[in-house]
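Structure first, then comments.
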């Protein structure tokens, strides 16, 4: 199956991209998730490129990466962005940047995720 998400993103129509994201979130909120045997996923993106639905395993991985200890990576080099982490959106002095493993995250459906 061709990767429909790639076609939409390359098409560059911002309205279509925003609508796609909103529709996938609404469907997830209503219990409709990706069930593809081999989902087409990139990095920690939530949308499957085949069915254009959000993937539960992918959301778990994304939440886990945000709560796990990691090196601080600034969002940018100017203003407030240099003090916020690109990985977790937390401040530079957050304990997880010093190896703290006590953070707990939650998926959109309420499942608790620990590092």
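The values are calculated or read from the model by the stated rules, or taken from the named source; none is laboratory data. Everything quoted here is computed from the prediction, not taken from an experiment. When we count neighbours, we look across all protein chains shown, and the Cβ atoms used for this are built from the backbone with ideal geometry, even at glycine.
Would you please name the residue that is modelled with the lowest pLDDT, looking only at residues in the range 10-47 that are closer than 17 Å to residue 58 by Cβ, touching a helix residue (DSSP H, G or I) at 6+ places or on another chain (Cβ under 9 Å) and part of a helix (DSSP H, G or I)? Taking the candidates together, the pick is 20.
Quick one: count up the residues across the range 59-72 that are assigned to a helix (DSSP H, G or I) and in contact (Cβ under 8 Å) with a residue 24 or more places away in the chain.
Narrowing the range 59-72 to residues assigned to a helix (DSSP H, G or I): 59-67.
Filter once more, so that each one left must be in contact (Cβ under 8 Å) with a residue 24 or more places away in the chain: 59-60, 63-64, 66-67.
Residues meeting the conditions: 6.
Under the condition of being in a loop (DSSP other than H, G, I, E, B), at negative phi and either touching a residue at least 12 places away in the same chain (Cβ under 8 Å) or in contact with a strand residue (DSSP E or B) (Cβ under 6 Å, 6 or more places away or on another chain) (or both), the residues counted in the range 95-108 number 6. Could you check, for the range 73-93, whether at least one of its residues is touching a helix residue (DSSP H, G or I) at 6+ places or on another chain (Cβ under 7 Å), in contact (Cβ under 8 Å) with a residue 24 or more places away in the chain and either crowded, with 17+ Cβ neighbours inside 10 Å or in a helix (DSSP H, G or I) (or both)? No, there is no match, as no residue in the range 73-93 is touching a helix residue (DSSP H, G or I) at 6+ places or on another chain (Cβ under 7 Å), in contact (Cβ under 8 Å) with a residue 24 or more places away in the chain and either crowded, with 17+ Cβ neighbours inside 10 Å or in a helix (DSSP H, G or I) (or both).
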